[in-house]
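Asker: Here it is: the structure, laid out below.
The values are calculated or read from the model by the stated rules, or taken from the named source; none is laboratory data. Every value quoted in this text rests on a predicted model; they were computed, and no experiment measured them. Positions of Cβ are backbone-derived with ideal geometry, glycine not excepted, and every protein chain shown enters the neighbour counts. The protein model used for the area step is the full one, side chains on, heavy atoms only, and it has no ligands, DNA or RNA in it. Shrake-Rupley method; radii C 1.70, N 1.55, O 1.52, S 1.80 Å.
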Amino acid sequence: MSKQQKKRKFEKPHANRGHRDQGVKAKKHLGQHFLGDESVARDIGDTLTLEGYKHILEIGPGTGVLTKYILAKPAQLTVMDLDTESIDYLRSSFTLEHKLNDEKFTVLEADFLKYDLDTIYPGEPLAITGNFPYNISTQIVFKTIEHKERIPEFTGMFQKEVAARICADHGSKTYGILSVLAQAFYDAEYLFTVPPTVFIPPPKVDSGVLRLKRKENFKDIGCTEEMLFKVVKMAFQQRRKTLRNSLKGMGLSDHFRESEILNKRPEQISVQGFIELTAAITKDIQEQ
């Protein structure tokens with residue numbers, strides 16, 4: 001984090017400004033915490049590089065605090081939310097205020113985790129961004145990985161702990177399944193931290209903003225995606241054990257089980273190390 005970010009001053013939002021007056025209240029069961037700091041919203045919008053895409057999907061737009069900064073960019077925007085109050089506001093008052101039309105701006109009332117992304121800008125690459133609900137944020141990342149062929153860039157705000165986990169390097173206590181699987185296909189960068197005071201209502205923890213940029217070799221990382229997921233998940237389910245113990249169920253040959261790398265615990269293995277290990281395990285299984 002830069003010195004400029006450390007010294008940054010945050011605007012404390014007023015509880016009755018820009019949210020309740022619009023008839024949209026944050027709902028606990030949806031994990032909503034509306035952003036009330038314009039500078040933070042602008043900075044999150046600026047995390048989008050527009051490199052390799054001209055379509056953007058914003059998840060959880062709320063009252064459009066971030067949305068209006070994305071709309072200032074030369075791209076088409078679709079926003080998606082489960083909150084009927086939010087959808088009604090974005091389709092009516094917000095759309096009229098910003099003089100928007102269907103060619104630039106689309107509002108969808110839908111659950112991102114269940115929605116068919118192939119119906120949004122079919123065949124075209126799109127970026128994903130948003131102030132993500134804490135309760136589904138990791139699932140959003142996993143779905144992004146699943147659709148990585150269409151998503152060259154992913155940015156947004158998470159609970160700080162989750163953002164740090166996604167961007168963690170091996171050797172860190174926060175390094176885990178999410179770190180490896182995200183970084184196998186994307187370059188992950190933790191950008192800045194946001195305090196609870198800029199949200200309505202304020203969460204109990206800090207938030208973190210990150211950016212994932214898809215790797216050039218994402219289609220051929222050196223092993224199959226299915227086997228990588230299997231190895232990584234099996235390894236970290238027993239993260240305190242060595243790989244020799246945690247990967248017992250892989251059906252490894254006696255010869256391979258003597259490999260030195262299996263003396264290590266999963267947090268000691270880099271992303272590339274996991275890819276190479278997966279390739280070696282695949283070969284070992286095929287040769288038996």
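Asker: May I ask you to compute the full-extension gain from S39 to E276, defined as 0.36 nm times their residue separation minus their alpha-carbon distance, rounded to one decimal in nm?
Answerer: So the extension gain works out to 81.1 nm.
Asker: Can I ask one more? On the protein heavy atoms, probe 1.4 angstrom, tell me the percent of accessible surface of region 32-169 carried by carbon and sulfur. Before the final figure, lay out the partial values.
Answerer: On the way: 2640 of 5430 Å².
On region 32-169, the fraction of accessible area on carbon and sulfur atoms equals 49 percent.
Asker: What accessible area per residue, rounded to a whole number of Å², is obtained for the chain using a probe radius of 1.4 Å? Walk me through the numbers on the way to the answer.
Answerer: On the way: 14420 Å² over 288 residues.
Using a 1.4 Å probe on heavy atoms only, each residue of the chain averages 50 Å².
Asker: Over 28 Å between C-alpha atoms is what I'm after, so list which of K148/K283; K99/K143; K73/K143 land there. Before the final figure, lay out the partial values.
Answerer: Numbers: K148/K283 26 Å; K99/K143 32 Å; K73/K143 25 Å.
Over 28 Å apart, Cα to Cα: K99/K143.
Asker: Tell me, Kirkwood radius of region 130-265 from alpha-carbon pair distances, in Å?
Answerer: For region 130-265, the Kirkwood estimate is 16.4 Å.
Asker: Still on this structure, I have one more. So if I take the centroid of the Cα atoms in region 165-194 and the same for region 220-276, what is the distance between those two points in Å?
Answerer: 18
Asker: Only sites in a loop by DSSP and with at most 14 other Cβ atoms within 10 Å count here; which GluC sites (Glu not before Pro) in region 31-83 make the cut?
Answerer: Qualifying residues, ordered by number: E51.
Asker: While we're looking at this one, here's another question. To the nearest 20 debye, what charge dipole does the chain have about its Cα centre, counting +1 at the Cβ of each Lys and Arg and -1 at the Cβ of each Asp and Glu?
Answerer: Here the chain has a charge dipole of around 1220 debye.
Asker: Continuing with the same structure: Anything over 29 Å Cα to Cα? Flag those among K173/K215; K104/K230; K173/K248; K68/K114; K54/K114, in the order listed.
Answerer: K104/K230
Asker: Which peptide among 139-150, 108-119 comes first, and what is the full order, when sorted by highest mean count of other Cβ atoms within 10 Å?
Answerer: The most tightly packed comes first, giving 139-150, 108-119.
Asker: Using 0.36 nm times the number of residues separating T193 and N263, minus their current alpha carbon distance, what extension gain do you get?
Answerer: Working it through step by step, the gained length comes to 21.6 nm.
Asker: Net charge within 14 Å of L117 by Cβ-Cβ distance, Lys/Arg positive one each and Asp/Glu negative one each, not counting L117 itself?
Answerer: On the way: positive: K114, K143, K148, R150; negative: E58, D111, D116, D118, E124, E146, E149.
Neighbour charge sum, excluding L117 itself: -3.
Asker: For D254 and K233, what does the FRET efficiency come to when R0 = 35 Å and r is the distance between their Cβ atoms, rounded to the nearest 0.05?
Answerer: E(calc), rounded to 0.05, equals 0.90.
Asker: What figure in square angstrom, to the nearest 10, would you give for the accessible area of M250 with a 1.4 Å probe?
Answerer: Per-residue accessible area (M250): approximately 20 Å².
Asker: Do any GluC sites (Glu not before Pro) in region 172-234 lie in a DSSP loop with no more than 14 other beta carbon atoms within 10 Å, and if so, which? If you can, show how the numbers build up before the last one.
Answerer: On the way: sites: E189, E216, E225, E226; in loops: E216.
Here the GluC sites (Glu not before Pro) that fit, given the DSSP loop and packing criteria, are E216.
Asker: In the full protein assembly as shown, how much of R265 is accessible to a 1.4 Å probe, in Å² to the nearest 10?
Answerer: About 100 Å², rounded to the nearest 10.
Asker: Ignoring ligands and nucleic acids, what accessible area does F218 show with a 1.4 Å probe (Å², nearest 10)?
Answerer: Accessible surface of F218 is approximately 20 Å².
Asker: So, one more: Using a 7 Å offset from the Cα along the Cα-to-Cβ direction at both E51 and D102, what is the distance between the two label points in nm, to one decimal?
Answerer: 3.5
Asker: Another question, if that's okay. Only helical DSSP H runs with n ≥ 4 go in: add -39500 (n - 2.57) per run for the chain, normalise by residue count and round the 222 nm mean residue ellipticity to 500 deg cm²/dmol.
Answerer: That calculation yields -8000 deg cm²/dmol at 222 nm.
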